[in-house]
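The structure under discussion appears below in the form of structure tokens.
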Amino acid sequence: MSANSSSERNETGLASFAVVVPMFNEAVGAEAFIQAAVSALNHIPNRNYLVLVDDGSTDGTATILEKLNERFAETVVLRHERNSGYGTGLLTGANFASGQGFDYVLFMDSDLTNPPEHIERFVGAMSQGIELIKGCRYCAGGGVEGVPMKAYLISLVGNLIARFLYGGGVRDSTNGFRAIRTDKFLDMPLREGGFALIMEELMWARRRKLSIANIPTTLYSRSADQRPTMFAYSFGQMAHYLKYALAARFASKP
């Protein structure tokens, strides 16, 4: 594992965390992301690890990850034989993190749309024992760069509605850059296999009255040489997401 051992964590009292990153056909940009993530993690004193979940890639991502894993001792590569979806990738990584005794799992994307240098911003809330720590584009110090205006407006409107339905607390519901207590995450009866798991997770967090903090961060667009994002910026997708906000609001099953 990492040079930051469990005994060191007990001596320092710092919360440990695993950065869980699902990847699918990310051969372009995989090395740049891992280098940036490892560099960011090396500047954080907490026991930490980078958990890469190859979700059945067919473009050579798995081979690249295995070679990089040999170079960076702070990483582990887990693999799905077939593509199982974003949510399933998170669960695979979280179960590994639990087995290694990490207090938190921190989820982020592998395409540098979530800046690795912002991982450090989550650490303060971890030290306070906050159970769900959400990255926030719509807070002071947060923002969006390079994202098409249509996608930005759909996301903004959807988040304003979700904020009202959830009853406050979370400023950026759909942001997948977040950290959560490992045991709290794995205790949720999550069913979504795709990106909607982000909202399903938040529904359970609200129902179970988890403590929540917002951390300002910036979302960047994918580079032109990467495959297009699999996230659908559409009103139909937002409607699917918002059913979980409605379920949290009215305490009914989704």
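The values are calculated or read from the model by the stated rules, or taken from the named source; none is laboratory data. Computed from a predicted model, the values in this text were never measured in an experiment. When we count neighbours, we look across all protein chains shown, and the Cβ atoms used for this are built from the backbone with ideal geometry, even at glycine.
At-a-glance table
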| item | result |
| --- | --- |
| Cβ-Cβ under 6 Å pairs, at least 6 apart or on other chains, region 114-143 side in a loop (DSSP other than H, G, I, E, B), far side of a type in the set (A, V, I, L, M) | Asn114/Met108; Ile130/Ala213; Glu131/Leu210; Arg137/Val144; Arg137/Leu219 |
| Test result for Gly141, of a type in the set (Gly, Ala, Ser) and within 16 Å of Leu242 (Cβ to Cβ) | no |
| Selected residue [modelled with pLDDT under 95 and among the acidic types (Asp, Glu)] from Glu120, Glu131, Glu74 | Glu74 |
| Meets criteria (within 15 Å of Ala179 (Cα to Cα) and surrounded by fewer than 15 Cβ atoms within 10 Å (Cβ to Cβ)) for Gly129 | yes |
| Among (1) surrounded by fewer than 19 Cβ atoms within 10 Å (Cβ to Cβ); (2) in contact with an Asp or Glu (Cβ under 9 Å, 6 or more places away or on another chain); (3) within 20 Å of Leu50 (Cβ to Cβ) - the single one Asp103 does not satisfy | (1) |
| Qualifying residue in region 208-221 (condition: surrounded by 19 or more Cβ atoms within 10 Å (Cβ to Cβ) and of a type in the set (D, E, K, R)) | no |
| Condition check for Ala27: more than 21 Å from Gly99 (Cβ to Cβ), surrounded by 18 or more Cβ atoms within 10 Å (Cβ to Cβ) and at pLDDT 95 or above | no |
| Filtered residues of region 155-187 (kept if part of a loop (DSSP other than H, G, I, E, B) and crowded, with 19+ Cβ neighbours inside 10 Å) | Val170, Arg171, Asp172, Ser173, Thr174, Asn175, Gly176, Phe177 |
| Hits in region 91-117 (condition: closer than 17 Å to Phe33 by Cα, modelled with pLDDT of 95 or more and among the hydrophobic types (A, V, I, L, M, F, W, C)) | Leu106, Phe107, Met108 |
| Region 231-254 residues that are under 14 Å from Thr174 (Cα atoms), paired with ones that are among the acidic types (Asp, Glu) and at pLDDT 70 or above (beta carbon under 8 Å, 6 or more apart) | Tyr244/Glu200 |
| Residue list for region 87-107, filter: within 17 Å of Ala15 (Cβ to Cβ) and either within 10 Å of the chain's Cα centre (by Cα) or without any contact (Cβ under 8 Å) to a residue 24 or more places away in the chain (or both) | Val105, Leu106, Phe107 |
| Neighbours by Cβ (under 8 Å, 6+ apart or cross-chain): first from region 171-182, touching a residue at least 12 places away in the same chain (Cβ under 8 Å); second among the acidic types (Asp, Glu) | Gly176/Asp109; Phe177/Asp109; Ile180/Glu131; Ile180/Glu201; Arg181/Asp103; Arg181/Glu131; Thr182/Asp103 |
